[in-house]
Amino acid sequence: MLSVENITVCYGQMKALQGVSLEISQGDMVALIGANGSGKSTLMNVISGMIQAVSGEIIWEGRPLKGLSPDNICQAGIIQVPEGRKLFPGMTVEENIIMGAYHPNVRRQAPESLQKVFSTFPRLADRRRQFAGSLSGGEQQMVALGRALMAKPRLLMLDEPSLGLAPKAAAEIFMIIKELNKEGMTILLVSQEVLETLSITTYGYVLENGIMALKGPSRELRENPKVKTSYLGL
Ligand SMILES: Nc1ncnc2c1ncn2[C@@H]1O[C@H](COP(=O)(O)OP(=O)(O)OP(=O)(O)O)[C@@H](O)[C@H]1O
Ligand SMILES: [Mg+2]
């Protein structure tokens with residue numbers, strides 16, 4: 001479904017990604033892990049078209065994404081929930097969620113999509129008229145997820161969805177992600193909660209200083225000595 005081939009990204013002189021490749025098949029839930037600054041967000045931003053690669057190719061459903069704007073890429077079905085959620089705090093929960101359906105091809109279905117989001121996140125339905133900025137961190141993450149779902153993603157890319165959340169809220173978010181995947185959503189998950197992430201995904205990639213250092217079935221990565229010492233603190 002998605003094939004990232006030999007991507008290199010530079011910020012000025014600094015190579016943030018060097019010859020990175022990654023594959024995602026339909027229905028997969030794939031983990032992308034790595035230390036701070038290893039290039040995880042950069043890789044997501046290249047896929048979503050926010051950043052241009054200096055070389056390499058990204059193939060989405062058989063077609064190269066090169067030259068497409070972030071907007072075109074959204075319309076093609078690749079939706080990113082960015083690190084830090086990026087909500088509009090002074091707008092209501094419902095207004096924030098509806099923003100996800102601004103494209104004409106999903107706008108018509110917005111009322112049904114909104115109902116679906118509220119049934120996935122009943123807590124947001126109760127708070128629909130509240131300002132997004134007044135919600136707890138976990139609830140704000142739900143709004144960010146809900147907004148992404150409004151765009152009818154075929155690939156959902158989640159960048160640190162549990163960052164800064166209390167353990168209980170983080171566990172709830174992971175449960176929701178797992179449920180979305182069970183319902184058929186293809187997901188690329190970046191998270192520093194490595195054990196949790198490798199428990200709910202089927203396949204994983206490990207970035208180290210912009211290089212794809214390891215990849216394999218999540219079950220195997222969990223037992224990998226290097227992963228154990230570097231990311232699981234064992
Ligand atoms: N806009 C930018 N300009 C210059 N350097 C950048 C920019 N964005 C990221 N970098 C650098 O590129 C490298 C990779 O950053 P990136 O944000 O992709 O890492 P990350 O794995 O997502 O880290 P974190 O876990 O902290 O979110 C880092 O060294 C970072 O400082
Ligand atoms: Mg990041």
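Could you run through the stretch 154-188 and say how many residues are buried (at least 22 other Cβ atoms within 10 Å of the Cβ) and within 16 Å of ligand 2 (Cβ to nearest atom)? Counting residues in the stretch 154-188 that are buried (at least 22 other Cβ atoms within 10 Å of the Cβ) and within 16 Å of ligand 2 (Cβ to nearest atom) gives 6.
I'm trying to understand the selection: among the residues of the stretch 34-50, which are outside any loop (DSSP other than H, G, I, E, B) and within 9 Å of ligand 1 (Cβ to nearest atom)? Selection gives G34, K40, S41, T42, L43, M44, N45.
Would you check if there is a residue in the stretch 67-76 being surrounded by 21 or more Cβ atoms within 10 Å (Cβ to Cβ), closer than 25 Å to S162 by Cα and away from ligand 2 (no atom under 16 Å from the Cβ)? Step through it out loud before you land on a result.
Within the stretch 67-76, the subset surrounded by 21 or more Cβ atoms within 10 Å (Cβ to Cβ) is 74.
Keeping just the survivors that are closer than 25 Å to S162 by Cα gives 74.
Still in the running and away from ligand 2 (no atom under 16 Å from the Cβ): 74.
Checking the stretch 67-76: at least one residue is surrounded by 21 or more Cβ atoms within 10 Å (Cβ to Cβ), closer than 25 Å to S162 by Cα and away from ligand 2 (no atom under 16 Å from the Cβ).
How many residues does the stretch 10-59 hold that are buried (at least 21 other Cβ atoms within 10 Å of the Cβ), within 14 Å of L214 (Cα to Cα) and more than 15 Å from ligand 2 (Cβ to nearest atom)? Total meeting the criteria: 1. Of the numbered conditions (1) within 30 Å of K178 (Cα to Cα); (2) more than 11 Å from ligand 1 (Cβ to nearest atom), A53 fails exactly one; give the number of that condition. For A53, the failing item is (1). If only residues of the stretch 201-234 that are more than 20 Å from S41 (Cα to Cα) and among the hydrophobic types (A, V, I, L, M, F, W, C) are counted, the one that is modelled with the lowest pLDDT is L234. Answer with yes or no whether L198 is under 18 Å from the mean Cα position of the chain (by Cα), under 23 Å from P122 (Cα atoms), in contact (Cβ under 8 Å) with a residue 24 or more places away in the chain and buried (at least 23 other Cβ atoms within 10 Å of the Cβ). So L198 fails the test.
List the helices (runs of 4 or more DSSP H) that sit entirely inside the stretch 194-234 and contain at least 2 residues that are touching a Ser or Thr at 6+ places or on another chain (Cβ under 9 Å). If you could, list the steps in order and put the result at the bottom.
Values: elements: 194-200, 218-223, 225-231.
Those helices (runs of 4 or more DSSP H) span 194-200, 218-223.
Any chance the stretch 2-22 includes a residue that's more than 13 Å from ligand 1 (Cβ to nearest atom) and farther than 29 Å from K226 by Cα? No, that holds for no residue.
Selection of helices (runs of 4 or more DSSP H) fully inside the stretch 51-156 by the criterion of at least 2 residues being within 21 Å of the chain's Cα centre (by Cα) and more than 30 Å from L17 (Cβ to Cβ) returns 93-98, 110-120, 137-150.
The values are calculated or read from the model by the stated rules, or taken from the named source; none is laboratory data. Quick caveat, the model's predicted, so the values are computed rather than measured. Backbone-built Cβ (ideal geometry, glycine too); neighbour counts: all protein chains shown.
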